[in-house]
């Protein structure tokens, strides 16, 4: 879940858009020449019984030593990153034990199977984003910039995992466009001296297409030529084990909305993945709604209009207690970002059924853990 119910209600009409215009037709001729002359196409996996040359080796160590992140995803919905109200909320995040705040950036895809992308700048322009980074630093917080996508149908159940092209030319055009999006914010990350950059979120088809794995490796390398800090990607639980470029990044990122009954097995799988790739795991998102289904469907937004019995603050607090107790005792985990905080003091509270912990008992649970770092983070 990358967008809460409140986010989905936000209108993005009248956006100021910076268009990225690499079209598939301009790439198709080169693709044809490549195929005819060299026989190239989508990379083929190993034959049956043969080891995978990528995953059968021991991955080298990450470029950056991990730092333990007690984070909050910080939405610009309901306010502005660069405002006095935002500064007050950032101080509250610090008081809740947060050491890092995650600032969200979006690009818009016009059709889920077409490569055209535009920047979304109405609510979080670069100027406002830079101002938010400065205010976070003034509050004593580290900063992550997390790149996300928005598209048609996202308010009605679609999300970034539904983005997928239908031809080799479209895949190349999409990745060319996406590269410009990422490099734009890699430059901002370098200029603003942020602490970690997340180069994408929950794009299961994009990360696992046979046409794109090499593109992700090349993109990470190019980002590192601009921005010297650590990198991650925020995977959906359905894609995290199938990604083949974790060794190009510093953390395995997971948007981890696991039902409590499946949490132990999910963490065991993530531990194996961490050992396989020689990378720490970072929960780039986690959370629970304040609803009757908080522990069984933690990804599901709470009802936007609270009916009698539909707000279950106790279940949200229970979910956070269970999750953080598990994460704190596992050495391969190096942080978590609670979904999510808003730059508006009126958000949340005891009548709010959605994921935000603002003004709810769950925040005290989070504060207790965030204020008591595990031993590995104190070494």
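The values are calculated or read from the model by the stated rules, or taken from the named source; none is laboratory data. Just so it is clear, the model here is predicted, and its values are computed rather than measured. Reconstructed Cβ throughout: ideal geometry from the backbone, glycine too, with neighbour counts over all protein chains shown.
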Item to complete: Name the residue, out of 187, 217, that is surrounded by fewer than 16 Cβ atoms within 10 Å (Cβ to Cβ) and either more than 18 Å from the chain's Cα centre (by Cα) or not in a loop (DSSP other than H, G, I, E, B) (or both).
Response: 187
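Here is a yes/no grid of residues against (1) modelled with pLDDT under 50; (2) in a loop (DSSP other than H, G, I, E, B); (3) under 21 Å from the mean Cα position of the chain (by Cα); (4) under 24 Å from residue 209 (Cα atoms):
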| residue | (1), (2), (3), (4) |
| --- | --- |
| 42 | yes, yes, no, yes |
| 47 | yes, yes, no, yes |
| 52 | yes, yes, no, yes |
| 55 | yes, yes, no, yes |
| 61 | no, yes, no, no |
| 64 | no, yes, yes, no |
| 67 | no, yes, yes, no |
| 91 | no, no, no, no |
| 98 | no, yes, yes, no |
Worksheet item: Do you know which residues across region 69-89 are out of contact with any helix residue (DSSP H, G or I) (no Cβ under 8 Å at 6 or more places or on another chain), part of a helix (DSSP H, G or I) and closer than 20 Å to residue 366 by Cβ?
Response: 88, 89
Practice prompt. Among residues belonging to region 224-234 that are farther than 14 Å from residue 144 by Cβ and touching a residue at least 40 places away in the same chain (Cβ under 8 Å), point out the one that is surrounded by the most Cβ atoms within 10 Å (Cβ to Cβ).
Written response: 224
Item to complete: Those residues that are more than 16 Å from the chain's Cα centre (by Cα) and at pLDDT 95 or above, I need them from region 142-163; list them, please.
Response: 142
Response to the item:
(1) free of Cβ contacts under 8 Å to residues at least 60 places away in the same chain; (2) outside any strand (DSSP E or B); (3) buried (at least 19 other Cβ atoms within 10 Å of the Cβ) all hold for residue 205 apart from (3)
Practice prompt. Tell me which residues, restricted to region 305-323, are within 24 Å of the chain's Cα centre (by Cα) and buried (at least 20 other Cβ atoms within 10 Å of the Cβ).
Written response: 316, 317, 319, 320, 323
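Touching a residue at least 12 places away in the same chain (Cβ under 8 Å) and in a strand (DSSP E or B): is that true of residue 112 in this structure? Reasoning before the result, please.
On the way: touching a residue at least 12 places away in the same chain (Cβ under 8 Å): yes; in a strand (DSSP E or B): no.
Criteria not met by residue 112.
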Worksheet entry | Residues of region 156-178 satisfying the condition of being touching a strand residue (DSSP E or B) at 6+ places or on another chain (Cβ under 9 Å) and either surrounded by fewer than 22 Cβ atoms within 10 Å (Cβ to Cβ) or not in a helix (DSSP H, G or I) (or both) | 159, 163, 176, 177
Response to the item:
Picked from region 272-305 (must be in contact with a strand residue (DSSP E or B) (Cβ under 8 Å, 6 or more places away or on another chain) and in a helix (DSSP H, G or I)), the residue nearest to residue 335 (Cα to Cα) is 274
